[in-house]
Structures are given as structure tokens and as C-alpha cells.
Amino acid sequence: MQIDVFTLLPEVFLPYLETSILQRARQRGLIEVRLHNIRNWAQDKHRTTDDVPYGGGGGMVMKPEPIVLAVESVLGPARGQVPVILLSPQGRVFNQAMAGELAAYPRLALICGRYEGVDERVRLLVATDEISIGDYVLTGGELPALVIIDTVTRLLPGALGDPDAVEDDSHAAGLLEYPHYTRPPEFRGLRVPEVLLSGDHARIARWRREQALLRTLERRPDLLEKAPLNEQDRKFLERYQAQRPSAESDRPRL
Ligand code: 9D3
């Protein structure tokens, strides 16, 4: 997959793209990230990329010309086939299902805004999608672009060294993870659960599944409603909830 990123800060991407999984995915040719500095398409001698908002108000707005020219010249005639995603707080909130959809494309374009926003004509003229990564305020679209690159890359066949990891991810789909332990078997008086040392793989698998179900029930009941649960899962949760009619009473409160 080729990913064209349009940004005023191309340098912030490199350190992260050079870390473990992303670096390996690039070396294997699974992704090619091309960074484009929007400023290179600025039109005036000061290479201006922002301006004051029409109608007044605080902050600056990114000018449309540099972004639109950048996208047009880099994508060329391919543009009709390529999702052009504007990262913005007004976008659809990104989730794993959206990552899965994006992972099916051979090429993506990501536009990172800065300042208080991007001139509306960028949306109208070049963006095909608009994505937010959540309801909190960042200073620009660069971290969201990295989030999309990271999530999509992990979904490409061969990106994760261990194919078991992909298998585990899909098995745990829609649930929070079970608790993880490594050596030593006791640390500061806290012992690793006996079942994990037992070597009984069926018992371990059942324990992990139950822990994942309990954690999800306690912390993210919203996920449990959509998670693909089998008959055994439902029986387990039923029995657990029968024993504990209300988890409300001892849930940690902020
Ligand atoms: C008070 C108006 N602000 C909107 C919430 C203005 C504003 C703040 C920060 C406009 C843009 C930004 C920069 N943020 C992004 O470009 C951004 C973002 C985000 O802030 N949160 C979650 N996802 C994203 S995707 C792009």
C-alpha cells in the first residue's frame, strides 16, 4: 500500500515510521509512506500556508491553494481511485472497522491540518473522507495520520512477525484483553495465576477467555453488546452475573 501524506511537518513522521513494526513493513514493501510538505506548493514568495479567517474570529486557517495543488499534482489521474482523507475533528470517529476498510485499498492519501482549521474548499474539492480519531483536541492532524498508518499497517498480511498475533486479535475481536504475565513467577508478593504455569493449554485458553469477558463486562459493557460471543461465553457471563447482581457497588469511581 502506498500512503501519501500531506503535511506542514513531514519530519515528525520519520521517527515513528522507523520503529519496529512499521520499519519492517516498509522494508518488506508492504507499505510505502511518501511525505509531502504542503509548503512546497505555496504560491507566494513567503510560502504562506495559512491566513486569517473570513468573518473574523481567532486563530488561523490553512489556505486552500497549497493543499489542493499538492494533492492534484501528487495523485494526478489516480485521484479518482484513491481515498483522500482529511484528518479533522469534524470527521467520522475512527475505529477498527474503518481501519479494516482502508486496509483494502492499494493507495491512500492523508491530509493533515494545522491551526484552527482548513479552508472548507479543501473538503469540497479534494477530500473524499473526513476522519477524527476521537473527541479530544489535538494541535494538528499528524498524530491522527500516524494512528491511521499504524492501525492499517498491522492489518496487512505479513506485517506482524508472528501470525499467531493476528489470530489472537481476531479471536479476541470486540473484547478487552486478558491479563498478561511474564517472569518472574512472583514479584513483590504478587504471584502469576497458577493456571498460566500449569501447561494445560485448554485450561489456559478458557481462563483467558473468561478474564477477557469479565474485564469487558466491568470496564466496557458497551463492547460486550456487539462482541461475537459463543454459547459458552454467554453461559459464563450469566453464571457470573447471577452471583453478582450488581457490579455497580464496587466499580472504581473517578
Ligand atoms: C474550538 C475549535 N477547535 C475544534 C475542536 C479548533 C481546532 C482545534 C484543533 C481545529 C483543529 C484542531 C487540530 N486537530 C486536528 O487537526 C485533528 C484532530 C483532533 O484534534 N482530535 C481528534 N482527531 C483529529 S483528526 C485531526
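The values are calculated or read from the model by the stated rules, or taken from the named source; none is laboratory data. Just so we're clear, the structure is a prediction, and the values are computed from it rather than from any experiment. FYI the Cβ positions are ideal-geometry reconstructions off the backbone, even for glycines, and counts take in every protein chain you see. Quick note on the areas: whole protein, heavy atoms, side chains included, nothing else; ligands and nucleic acids left out. Shrake-Rupley method; radii C 1.70, N 1.55, O 1.52, S 1.80 Å.
Points worth noting:
- The set of residues in segment 111-125 that are part of a helix (DSSP H, G or I) and of a type in the set (D, E, K, R) comprises Glu120, Arg121, Arg123.
- Among the residues of segment 64-99, the ones that are open to solvent by less than 50 Å² (accessible area, probe 1.4 Å) and either assigned to a helix (DSSP H, G or I) or within 16 Å of the ligand (Cβ to nearest atom) (or both) come to 20 in all.
- Looking only at residues of segment 101-145 that are farther than 19 Å from Leu75 by Cα and away from the ligand (no atom under 12 Å from the Cβ), we find that the one that is least open to solvent (accessible area, probe 1.4 Å) is Asp119.
- Per the conditions (1) more than 29 Å from the chain's Cα centre (by Cα); (2) not in a helix (DSSP H, G or I), the sole criterion not satisfied by Arg203 is (2).
- Residue tally, condition open to solvent by 50 Å² or more (accessible area, probe 1.4 Å), in contact (Cβ under 8 Å) with a residue 24 or more places away in the chain and not in a loop (DSSP other than H, G, I, E, B), over segment 146-185: 2
- Matching residues, segment 1-29, being touching a residue at least 40 places away in the same chain (Cβ under 8 Å) and open to solvent by less than 40 Å² (accessible area, probe 1.4 Å): Met1, Gln2, Ile3, Asp4, Val5, Phe6, Thr7, Leu8, Phe13, Leu17, Leu22, Ala25
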